[in-house]
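Report on the following structure.
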Amino acid sequence: MSLRRLSLGIGSGLFDKVVVALVQLIMVPLLSNAWGLHLYGTWAMMITIPSMLVLSDFGIVSSAWARMTMFISRGEMGEARSVLHTAWLSASLSCCVVIVVTVATSMLLSDEMITGGEQMNAFQTRIIIVLLALYGLGVIMFRLNTAIFRAAGNFTLATWCSTASFTLENMALLACVLSGGRPLAAAITLLIARLVAIGFVFWLSHRRFREVSPGFSHASRLQWREMWRPALSSSLLGFGSLAFLQTSVLALGFVAGSAAVPAFMAVRTLSRVGLQVAMMIANPAAQEFAQEMSLGHSFRAGRYFGLVGATSIIMGLGMAIGLTVLGLPFIDLWTGGAIDVSFLLIVFMATSSAAAVLWNALAALISALNRQGSIAPINFVVCVVGVAVILLLGDRIGADAAGLAYAVTDAVTVFSLALFVRRSWWRDAEFRRGTYAALSQLRAPRSALNALRRGI
């Protein structure tokens, strides 16, 4: 991979994060002032529906992307097209089932449970739920299309399309709200904007990647038999992480009281900054890692492993040390002294931060090869154990229990990942040699820069 392609991948990821942060800063005060806190709160709860429904693809998108990357790297375009069409068929059937369940559920809920207040009756709320469900399913189909770009080695194009779609939707939402639109109009606006984005990437994939363009005609049972296990593992990994993030907060509030939640949330927010930065390097590198492994280039793959591993360790340790040393005074300044945080919670979350950066970055490499089944069950189990730790200790040590749960969960996941790497990759002498080569070049920045210019 050239320095240009790596820098473009990292730069597009950074730009995406900046855009998302700016949009969130704009939309929260805008919606709360335009609609009022009660109506905005109702919308904020309903808008979580799309993010939850994205999991309804059962890992099909990530599994299909990994397999398409392997086939395209080998020049087997017919197989790649078969994978994509199988994924399209599977995702479409899954979406149909989900929308039927969503409509049925919204109809079974009582009016009192889903009323949006005087400004939004129960019927409107049901319509909004269905529209947002359709929007969430549209996100799945959009990601399936952009997976073509990633599999073909164009990570930057996939990221730009996602950023452009996010910006289009929120600018349309902004115009809708400023013109007096309410949640029903906002839901319609989001769905229309998503359909426009799907149409654009569909056209772009047909134009630039004709050999693997979307469709159903080449769907194959054989491809599905190869895809469903890693797809299920990917879904389990995503569901476990998301459920733990949400359930840990609920469990802490249940046993320790709502006053313990803000302290934990403040520290958790800070502890995840390093993870976001590390993934901007890991995600584009994972694409190249998968291509090299598919071609049997162990030495080059080892270099990407060394690059991702070294940068994630540096980022994780740096974040952990910074949080330990500066965490307490920063939170005191940030919150104006409103949130009191214990040093023990800082230490636990610093440990969690270092481990989370490492295992998430390296898990991107594992997922790129559809090997996520090696860590997903363990991660899911330790997430359940983590919630149990909070429930058992939360009433005695408060927010510190959640910090301990996060530290244990992330540390055990790192250990399981290390066992996988040792068993599956580290036995390859060429892979080890490539890793050591990357580490030696990282110690000499000029040599590393020259190596990237020549192409790894």
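The values are calculated or read from the model by the stated rules, or taken from the named source; none is laboratory data. Here the structure is a predicted model, which means the values were calculated and not measured. For neighbour counting, all protein chains shown are included, and Cβ atoms are generated from backbone atoms with ideal geometry for every residue, glycine included. In case anyone asks, the SASA skips ligands and DNA or RNA and just uses the protein heavy atoms, side chains included. Shrake-Rupley method; radii C 1.70, N 1.55, O 1.52, S 1.80 Å.
Miscellaneous remarks
- All C-alpha to C-alpha distances of the stretch 185-325, sorted into 10 Å bins beginning at zero, yield P(r) values of 9, 17, 30, 27, 14, 2 percent in whole numbers.
- Helical segments meeting 27 Å axial Cα length and Kyte-Doolittle -0.5 threshold in the chain (DSSP H): 3-35, 77-108, 122-151, 155-178, 183-208, 221-256, 273-294, 298-334, 343-368, 376-397, 399-424
- Local net charge near Leu369, Cβ-Cβ under 15 Å (Lys/Arg +1, Asp/Glu -1): +3
- Each listed q (0.12, 0.17, 0.26 Å⁻¹) maps to a log10 I(q)/I(0) for the stretch 291-375 from the Debye sum over equal C-alpha point scatterers, namely -0.50, -0.75, -1.18.
- What the Cβ-Cβ distance of Ala122 and Leu184 gives, at R0 = 22 Å and to the nearest 0.05, is a FRET efficiency of 0.95.
- Euclidean distance of C-alpha centroids, the stretch 402-418 and the stretch 182-245, integer Å: 30 Å
- The residues of the chain expose on average 46 square angstrom of accessible surface per residue, using a 1.4 Å probe on protein heavy atoms.
- Computed [θ] at 222 nm, deg cm²/dmol, the chain (DSSP H ≥ 4; -39,500 (n - 2.57); rounded to nearest 500): -29500 deg cm²/dmol
- Spacing of the two label points (7 Å from each Cα toward its C-beta) at Val384 and Phe166, in nm: 3.3 nm
- Binned Cα-Cα distances of the chain, short to long, each 10 Å bin given as a whole percent: 4, 18, 28, 29, 17, 4, 0
- For peptides 221-230, 382-391, sequence by mean Cβ density within 10 Å, most packed first: 382-391, 221-230
- The residues packed around Thr163, meaning those with a beta-carbon under 13 Å from its beta-carbon, carry a net charge of -1 if Lys and Arg are +1 and Asp and Glu are -1.
- Alpha carbon centroid spacing (whole Å) that separates the stretch 317-333 from the stretch 117-166: 36 Å
- Start at zero, step by 5 Å, and the Cα-Cα distances of the stretch 242-319 spread as 3, 14, 17, 14, 12, 12, 10, 8, 6, 3, 1 percent across the bins.
- Summing Lys and Arg as +1 and Asp and Glu as -1 over all other residues whose Cβ lies under 15 Å from the Cβ of Ala418 gives a net charge of +4.
- Lys/Arg +1, Asp/Glu -1 at C-beta; the chain dipole; positive extreme among Tyr436, Ala263, Ser179: Tyr436
- Each principal axis of the Cα cloud of the stretch 163-245 was taken in turn, and the coordinate range along them, longest first, works out to 52, 41, 20 Å.
- Along its principal axes, the stretch 386-431 has C-alpha extents of 51, 13, 8 angstrom, given from the largest down.
- Portion, in percent, of the accessible area of the stretch 180-313 that falls on carbon or sulfur, probe 1.4 Å: 64 percent
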